Amino acid sequence: MADPPRHLLAIEGLQPPPITALLDLAESYVLLNRSGQTARDLLRGRTLINLFFEDSTRTRTSFELAGKRLGADVINMAVASSSVNKGETLLDTAATLNAMHCDLLVVRHNQSGAPNLLAQKVDAAVINAGDGTHEHPTQALLDALTIRRRTGRIAGLVVAICGDIVHSRVARSNIHLLTTLGARVRVVGPPTLIPAAIERLGVAVFHDMAEGLAGADVVMMLRLQRERMIGGLVPSAREYFRFWGLDAAKLAKAAPAAIVMHPGPMNRGIEIDSLVADDPARSVIREQVEMGVAVRMAVLDTLARARPKLRND
Ligand code: NCD
């Protein structure tokens, strides 16, 4: 058997068995969370540091909750974005963290590859909580868990990922995970927001919502990430909504039981209409948040088990 992974830096390169194992373990944590119980013995004596160089609500809070429910000591380091040479800052930070004997390090950074660099320099298991436009592996895992619980499978489903693909680490991690587990993935959006040659990742490209959504089982909307845009890639918010925003009329093109997803934070009225986002019959957006805690518990538990305990308290 292969060695268990030391870090979770990306979905790309993972085979189906470790992905499915994480989803299965997360399933048990959904039940635990719903029962109001905790499993504080599992990570007792372990230290988890949340190191966020970029804003976050759901991801940081859910890692914090996940760590606490498993009994870890959780520290949140709020790091203001700095214009200092990023490499140097990160290496200094790595030295500091090593001195603190931290077991699990959750990192979000606006530079793609920053968690990989840290993983080479720290003793802790590193979990990528979103790096630049590269990957956001726990988001893809929680999305897969949500889909699997709602539809009973992943293989064979048609999943349409729509909107700002080019800036989205969520899209990249989801494309890798969903194609690895046998879903048929489409990316749908204007040419300015779809990376060149993305077909190489095994997806079909659509530049029209009606065509891209036709018969889809899952409609995953993405936030228009204006903070990452250089220059105007979209005409105006109003026009964007008209062509690319998900409303009931566009959703009617998808399969009759299609579910609607969004990683949050949502720009209501830009990429998604409130009536669709809040429709309990179609939207699984709140469930995604719930699955986020369970998936992060599974990731922390798996990575902690694979490494020796640093302290004995
Ligand atoms: C995403 C992110 O930060 O990549 N948010 C999240 O983690 N739920 C998506 C986004 O910011 O649009």
C-alpha long axis of helix 169-180 to longest principal axis of the chain, angle in °: 90 degrees
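Using a 1.4 angstrom probe, figure out how much accessible area the chain has per residue, in square angstrom, rounded to the nearest whole. It would help to have the intermediate numbers written out before the result.
Numbers: 13640 Å² over 313 residues.
Accessible surface, normalised per residue, equals 44 Å².
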Within the chain, helix-based [θ] at 222 nm, where runs of 4 or more DSSP H residues each add -39,500 (n - 2.57), nearest 500: -12000 deg cm²/dmol
Positive-end extreme of charge dipole, the chain - chosen from Pro115, Leu8, Leu32 (charges on Cβ): Leu32
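For the stretch 7-156, what's the relative contact order in percent, using C-alpha pairs closer than 8 Å and at least 6 residues apart?
In percent, rounded to a whole number, it is 26.
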Spread of Cα-to-Cα distances over 20 Å intervals beginning at zero, given as percent, for the chain: 34, 57, 9
Cα-derived Rg to Rh of the stretch 221-291, Kirkwood definition: 0.99
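With charges only on Cβ, +1 for K and R and -1 for D and E, what is the dipole size of the stretch 160-313 about its Cα centre, in debye, rounded to 20?
Numbers: 20 positive and 16 negative charges, 122 e Å.
My answer is approximately 580 debye.
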Under the Karplus curve 6.51 cos²θ - 1.76 cosθ + 1.60, θ = phi - 60°, whole-Hz ³J(HN,Hα) for the stretch 115-123, x wherever Gly or Pro sits: x, 4, 5, 4, 4, 6, 10, 10, 7
Carbon + sulfur, % of accessible area of the chain - ligands and nucleic acids excluded, 1.4 Å: 53 percent
Estimated dipole of the chain in Debye, rounded to 20 [Cβ of Lys and Arg +1, of Asp and Glu -1, Cα centre]: 380 debye
Descending semi-axes in Å of the stretch 12-108, equivalent ellipsoid built from Cα gyration tensor: 28, 17, 14
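The values are calculated or read from the model by the stated rules, or taken from the named source; none is laboratory data. If you're wondering where the values come from, they're calculated on a predicted model, not measured in any experiment. All Cβ positions, glycine included, derive from the backbone under ideal geometry; neighbour counts span all protein chains shown. With ligands, DNA and RNA removed, areas are computed over all heavy atoms of the protein, side chains included. Shrake-Rupley method; radii C 1.70, N 1.55, O 1.52, S 1.80 Å.
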